[in-house]
Every structure is written in C-alpha cells, then in structure tokens.
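The values are calculated or read from the model by the stated rules, or taken from the named source; none is laboratory data. Keep in mind that what you see is a predicted model, and the values were worked out from it rather than measured. All Cβ positions, glycine included, derive from the backbone under ideal geometry; neighbour counts span all protein chains shown. Ligands, DNA and RNA are stripped out before the accessible areas are found, and what is left, the full protein with its side chains, is counted by its heavy atoms. Shrake-Rupley method; radii C 1.70, N 1.55, O 1.52, S 1.80 Å.
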Amino acid sequence: MEKVKLRNNPLFRFLAVVLLPLLALLLAAFTGGSYYESVLVLFFINIILAASLNLTNGITGIFSLGQAGFMALGAYASSILTLSEKTKNTMVRNMPEWLAKIQLPFIPALIVAAVFSMLIAGLIGFAILRARGHYLAVITLGMVIVIKSVLDNANNLTNGSRGLSGMARYSTLPVVVIAALLTLFILYRIRISAFGRAMIALREDEDAAASLGINYSTIRLMSFMISAFFGAVGGGLWAHLQRTIAPSLFYFNETFIILEMSVLGGMASLSGAIPGAAILTFVPQILANFSTGFTLFGIQIPQINGLTNIVMSVLFIVTIIFRKQGIAGNSEYIVSSLFDRQTYTGLFKKETYTGFADAFRRKKSA
Amino acid sequence: MGYFTAQLISAVKLGSIYALVAIGYSIVYSIMGMINFAHGELLMIATFSLWVLLNAGVPFALAVALAILVTALFGILIERIAYRSIRDAGESTQIITSLAVSIFLEALCQAIFNSSSKALIIPDFFSKTFRILDTTVSVIDVVTLACTLILTLAVVLIIRRTAVGKAMRAVADNMEAADLMGIDKNRIITAAFVIGSVLAAVAGILYSGKYTSFSNDMGFMLGVKAFIAAVLGGLGSLTGAVTGGYIMAVLEVFFSGYLPRGVVSYQTAFTFLVLILVLLVRPNGLFGSSNRQRS
C-alpha cells in the first residue's frame with residue numbers, strides 16, 4: 001500500500017482544519033462574552049478582505065493598493081440601503097427622495113452594495129489596468145484618495161466627513177462565518193478553474209499566456225472586479241459591526257492593514273488570508289493592553305502611543321526579509337482541506353483510519 | 001490679475017517643495033528600480049530634528065545643518081537595514097517594505113513626540129514680506145525657490161560631471177555590469193540615498209518653515225503627492241521630476257482657486273484624475289523612456 005503522509009490523510013485534514021477550529025470557535029463564542037464575539041467577527045471579516053486582495057495581488061499579479069476604496073463603497077452602499085428612511089432623513093441633509101425611501105434587509109443590501117462596487121471597479125479598471133507595476137500601485141492609491149474625497153464631499157449621500165451611524169448590528173458571528181466560508185469557497189473554485197489558471201499563467205509569464213490565447217485585459221479586469229465585489233462584502237459587514245462609518249476610516253491606514261494581512265499570510269495563497277487575518281486581528285487586541293503602559297521585570301514602561309503600528313510594521317519588515325512568500329507561501333492546504341470532497345468522503349473509508357494509525361506509528365518510531 | 005499672480009506664486013513655492021522631494025524618488029528609482037514610499041517621512045524627520053535642536057537652544061543655521069545631517073543618516077540607515085536585503089525581491093515586495101518603513105517611522109515619531117501638532121519658530125527674517133508687481137511675497141518663498149534651483153543644479157552637476165555621478169549612471173544602466181567593472185554598488189546606492197535625503201530634508205524644513213505648524217503625519221501625504229509628481233514627469237528622469245512637481249502644484253493650486261463653488265472641495269479628486277489621464281496617454285509619464293527599462 002502506498003504510504004500517505006499524515007498531513008494528507010483525510011482524517012487528519014478533517015480534524016485539523018474543520019473539527020478543531022469549529023470546536024474552538026464554538027467554545028470562544030459561548031464562553032467569551034460580547035467582547036470576544038466582536039473580535040471574532042472582525043477576524044472573519046478580515047479573512048474576506050485579505051482573501052479578496054490576494055486574488056488580484058497574489059494570484060493575478062495586479063499589484064493594487066485600492067482595496068480600502070472598495071471596502072468603503074461596500075460599507076457606504078450597504079449602510080445607505082439598510083438604514084430606515086427616518087434615520088436617513090434626520091442624519092443626512094437633502095438625500096434624494098428615492099434613495100431615502102429604499103430600505104432593504106441586510107443580505108440583499110450587502111449583495112447590491114457588492115455588485116455596485118464591482119461595477120465601479122469595472123469602470124475604473126477599464127481605465128487603469130493598462131498601467132503596470134509601480135504605476136498601477138500609485139494609481140490605485142490615487143483611487144483610494146479620490147473615493148475618500150468623494151465620500152467627504154457628497155454631503156447629500158454620505159453625510160460628508162461626519163459619516164453615517166445608527167446601522168443595526170447585523171454582522172453576527174454566524175453571518176460572518178458563513179460569509180467568510182462562502183467567499184473562500186467561491187475564490188477557491190475560481191482559482192482551480194481554467195479561469196483561475198489563466199490568472200496564474202498571466203502572473204508568471206504574460207507573453208507565454210497570451211500566445212496560448214489568454215486574453216490579458218479581460219482576465220485582469222475580471223479579477224479586479226471580483227476582488228472589488230468581495231472587498232465590498234467585507235466593507236459592508238464591517239459597517240454593520242462598527243455601526244458608525246466615516247470616510248477617514250477607509251484611507252491609507254486601512255489600505256495598509258489589508259495589505260499587511262495579505263502579505264503576512266502569503267499573497268499567492270487564499271489560505272494565507274486566514275493566518276494573515278488572525279495576526280492582524282488578535283495581535284493588536286493583545287497590544288492594546290500594553291499601550292497604556294505596563295511593568296516589565298520591575299521596570300515601569302510608560303504609555304506608548306502607536307505601539308501597535310510600531311510592532312506590526314517591524315513584524316512586517318522582518319517577515320518580508322526572511323520569508324517574503326508569507327506564512328502560507330504557495331500552499332492552499334487550509335482551503336483545499338476545507339472544500340475538497342475527499343476530506344469528507346475519506347472519512348467513510350477504512351484506509352483512512354488504518355493510514356492514520358500507520359502514519360502516527362511511523363512518526364513515533366522516526 | 002492680482003489673484004492670478006498670487007495663485008501662481010503659491011503654485012511655484014509648493015511646486016518647488018514637490019520638485020525637491022520628487023527628485024529624491026526619481027534618483028532612488030533610477031538606481032535601484034524601487035519606489036521608496038518612506039521618502040516622505042524624511043521630511044518629518046528633518047522637521048522634528050530641527051524642532052528639537054531649536055528647542056535645545058542651538059543657533060538656527062547650525063540647527064538646520066545638523067537637521068539635514070540627521071536626515072541623511074536616517075536615509076542611510078533605512079537603506080542599510082530595510083532595503084538592502086530586498087534589493088532583488090521584486091516590485092511589490094519593495095513597495096510593501098517601504099510602506100512598512102513609512103508606517104514604522106511615523107508611529108515611532110508619534111511614540112516619542114505624540115501626535116499633537118507643533119509649532120516651528122523660525123527667525124523673523126524669513127517671514128518678512130515685500131511686494132513684487134501687485135502681490136506680496138515673503139522671504140521664505142524666495143528662499144524656497146532659490147534652494148530648489150541651486151539644489152537641482154547641484155544634483156544635475158553631480159550626476160553629469162563628477163566621478164560619483166558617472167558611477168551612479170553606470171549602476172542605473174546596469175547594476176551587475178557596473179559591479180563587474182569594479183564600481184562599489186553599495187556605496188553608489190548609499191550616495192543616492194544621501195542625495196535624496198538631503199533634498200527631502202531641505203524640502204521638509206522649507207515646508208514647515210512656511211506653514212509653521214507640523215505633526216508626525218506631515219510626511220506621508222506630501223510624499224505621495226511628490227511621488228505622483230515624479231510619476232507624472234516620468235520616473236527616473238530629473239527633468240521629469242522637476243516638471244512633474246510644478247505641474248502637480250499648478251493643478252492643485254489652480255483647481256482650488258478657480259473651480260466653481262460646490263465642485264472645489266473635490267480638488268484632490270481632480271488632481272488625481274488628471275494624473276490618471278496623463279498615464280493613460282503616456283503610461284511612462286511625460287519624460288519617461290518608452291521601453292520598460294529604467295533609465
């Protein structure tokens with residue numbers, strides 16, 4: 001019998017990627033209280049944001065710094081759609097009547113917002129995707145600036161720099177977990193489809209891909225639009241977690257946080273979004289306890305402003321210098337274990353269990 | 001008429017700042033092929049150094065010289081610690097690293113000096129005003145323009161006439177070949193960072209000298225705008241950097257001065273739309289070379 005490595009054994013995959021995280025999640029959700037719940041919600045939203053950026057930056061090789069812009073579009077569009085007419089009219093002066101009248105349930109609002117953001121990305125992408133490399137990076141950064149400037153000034157839609165508030169907290173843990181799993185599932189199916197392979201081919205060698213009949217502009221535009229769709233989903237969920245939004249929240253800082261998650265986890269891998277999001281969600285929460293000052297070996301360390309930024313950027317630079325492919329590298333282990341049928345059908349086969357025991361014995365004797 | 005001249009003068013002084021910073025981006029880009037997003041933070045470092053030195057009672061001229069020196073040291077350190085090991089790592093890695101360096105410097109500055117805005121007190125001499133034609137001009141405006149012209153000329157002379165300049169051009173052309181010919185590429189890259197840092201330091205001091213109040217987030221946006229100016233002119237070209245700087249400033253000032261009310265608050269958006277349009281027509285900028293190699 002062929003010896004299967006432990007990490008490829010369906011039972012091991014099931015335990016490591018599905019069952020244990022699920023138990024941990026349930027435990028955290030039921031014992032943690034509301035603070036931990038909202039941190040977990042943020043974690044799953046961050047997974048969506050990081051994975052959406054990985055599609056363009058890592059897989060297709062379009063280096064975009066614009067994700068915060070699409071996140072903003074999703075957050076604003078979905079909030080305007082879920083707020084009631086009364087709230088909108090008291091908060092926002094002169095909102096167009098037809099828009100003030102519309103009120104949708106959360107999920108349809110989220111989808112409409114994401115489609116809206118995707119269409120905008122189509123328009124923008126059509127114009128800017130001719131640029132490459134550095135030029136594309138700066139144009140997408142410019143796009144974030146333009147979007148913020150519009151949000152700041154379109155007073156009758158967005159309430160200007162004061163932002164919108166009073167959204168209901170629809171982003172509960174089950175909602176974001178399902179949203180994150182759906183996002184990863186769809187992006188993973190795209191990645192392993194012919195379409196996804198075309199993206200990777202373009203990243204590796206444009207000319208070779210073009211000679212095989214891959215249409216450069218179409219694939220890049222599609223990738224950009226899909227990424228904007230999920231970026232907006234993340235933004236919409238985020239808005240209904242925080243319940244107040246303002247243009248300044250979707251600026252360079254947020255751009256950088258999303259980029260950090262994507263790079264730390266591994267840009268070329270959708271699975272990388274998970275460790276990336278975990279670091280960027282939990283480490284700042286832990287650091288927040290220290291930023292007001294603490295005692296280390298009897299030495300009183302005073303309050304440090306911006307501690308999170310210092311630690312995260314150092315961590316980031318060190319990662320890039322020593323492991324620039326990020327934590328996950330090119331591996332899709334987590335996502336493929338989650339979504340491949342073998343993980344689940346394998347549980348009903350006898351070989352799985354004998355193989356599992358066997359692999360364990362080998363590991364022990366080795 | 002007076003309004004127009006006033007607008008023009010403020011465009012010229014803002015453009016001078018952008019030009020100085022854009023040259024720094026451009027030099028580093030032509031030699032290493034990387035964009036140093038942390039370049040803008042050098043303006044912050046220069047301003048804070050000057051502020052600390054002035055508060056410590058150091059005479060103004062000496063303090064300015066020391067502040068420039070400190071900034072140059074930071075430039076060298078940044079290159080040595082963060083950028084040397086990722087020299088061959090690809091465009092996106094380099095962009096990300098420099099963004100991280102930028103965030104780090106800004107947060108470090110916030111941790112040391114907190115994020116409230118501070119006032120830079122420069123000698124009264126600089127804020128004296130006089131009239132040219134029908135507009136008021138202050139001494140610091142003239143100094144800004146003069147510094148820009150002198151420094152740009154100096155950079156051009158260094159690159160065209162000196163041995164270091166020749167070596168820089170060789171490294172920019174082909175780093176490996178230059179290395180084989182016995183040029184110490186590390187030394188040349190350091191030289192490029194020193195030149196860039198000095199220009200940024202002067203720009204930072206002139207900028208905060210003019211507006212007198214500053215904080216730890218002054219550098220990033222200025223840096224991004226100057227970088228966009230460099231892209232507009234064509235990365236890697238000195239002429240491009242200077243022209244781009246002035247074009248950027250003219251767009252910004254005239255958009256905010258002449259756009260109709262109600263639209264004027266969108267001026268930042270307009271400036272960037274122009275940039276996007278220019279890049280659509282000339283993807284390598286106004287003065288950039290058309291092939292994808294660095295020049």
Q | Cα-projected label distance for A:Glu37 with A:Arg362, points at 7 Å along beta-carbon direction, nm | A | 4.6 nm
Q) Carbon and sulfur atoms: what percent of the 1.4 Å accessible area of the stretch A:33-250 do they account for? A) 64 percent
Q. Which value, in debye to the nearest 20, gives the size of the charge dipole of the stretch A:113-233 about its Cα centre, when Lys and Arg are +1 and Asp and Glu are -1 at the Cβ?
A. 260 debye
Q: Pull out the extension gain between B:Ile121 and B:Met221, defined as 0.36 nm times the separation in residues minus the alpha carbon to alpha carbon distance; nm, one decimal.
A: 33.7 nm
Q: Would you list, by chain and number, the lysines whose Cα falls below 21 Å from the Cα of A:Lys349, excluding same-chain residues fewer than 8 positions away?
A: A:Lys3, A:Lys5
Q | Excluding exposed DSSP-loop trypsin sites (Lys or Arg not before Pro) (at most 16 other C-beta within 10 Å), longest clean stretch of chain B | A | B:129-260
**Q.** Radius 11 Å from Cβ of B:Lys210, net charge of other residues (Lys, Arg +1; Asp, Glu -1)
**A.** 0
Q: Note down the magnitude of the dipole of the stretch A:33-250 about its Cα centre, charges +1 on Lys and Arg C-beta and -1 on Asp and Glu C-beta and zero elsewhere, to the nearest 20 debye.
A: 340 debye
Q) What 222 nm value per residue comes from the helices of chain B, counting each DSSP H run with n ≥ 4 as -39,500 (n - 2.57) and dividing by all residues, nearest 500 deg cm²/dmol? A) -24000 deg cm²/dmol
**Q.** Cα-projected label distance for A:Ser248 with B:Ala56, points at 7 Å along beta-carbon direction, nm
**A.** 3.3 nm
(Q) Taking 25 Å as the cut-off for C-alpha to C-alpha distance, list the pairs among B:Lys13/B:Lys166; B:Lys118/B:Lys225; B:Lys118/B:Lys210; B:Lys13/B:Lys225 that go past it. (A) B:Lys13/B:Lys166
Q: Give me D for chain A in µm² s⁻¹, whole number, from Stokes-Einstein with Rh from the Kirkwood sum over alpha-carbon pairs, 37 °C and 0.692 mPa s.
A: 149 µm²/s
Q) Pick from A:Asn289, A:Asn89, A:Asn153: which residue has the top mean-square fluctuation in a GNM of chain A where Cα pairs under 10 Å get a spring? A) A:Asn289
Q. Convex hull over the alpha-carbon atoms of the protein assembly as shown: what's its volume per residue in Å³?
A. 208 Å³
Q: Can you check what the net charge comes to around B:Val137, using other residues whose Cβ is under 13 Å from the Cβ of B:Val137 (Lys, Arg +1; Asp, Glu -1)?
A: +2
Q: Between A:Ala194 and A:Ala16, take the C-beta separation as r, use R0 = 41 Å, and let me know the FRET efficiency to the nearest 0.05.
A: 0.85
Q.
Net charge around A:Gly125, counting only other residues with Cβ within less than 14 Å of its Cβ (Lys, Arg = +1; Asp, Glu = -1)?
A. +3
**Q.** Straight-distance crosslink candidates among lysines, where the alpha carbon sits under 28 Å from A:Lys88 and sequence neighbours closer than 8 are dropped
**A.** A:Lys101, A:Lys148
**Q.** Compactness of the stretch A:33-250 - radius of gyration and Dmax, Cα, Å
**A.** 17.8, 58
(Q) Restricting to DSSP H runs of at least four residues, report the calculated mean residue ellipticity at 222 nm for chain A, -39500 (n - 2.57) per run over all residues, nearest 500 deg cm²/dmol. (A) -22000 deg cm²/dmol
Q: State whether the stretch A:119-182 is rounded, prolate or oblate according to the following rule on the C-alpha gyration tensor (a ≥ b ≥ c being the square roots of its eigenvalues): a/c under 1.5 gives rounded; otherwise a/b larger than b/c gives prolate, and the remaining case gives oblate.
A: oblate
Q: For A:Val115 paired with A:Leu287, estimate the spin-label separation in nm (one decimal), with each label point 7 Å from Cα along the Cα-to-Cβ line.
A: 4.0 nm
Q: For an R0 of 51 angstrom, estimate the FRET efficiency from the Cβ-Cβ distance between B:Lys128 and B:Arg187 and round to the nearest 0.05.
A: 0.75
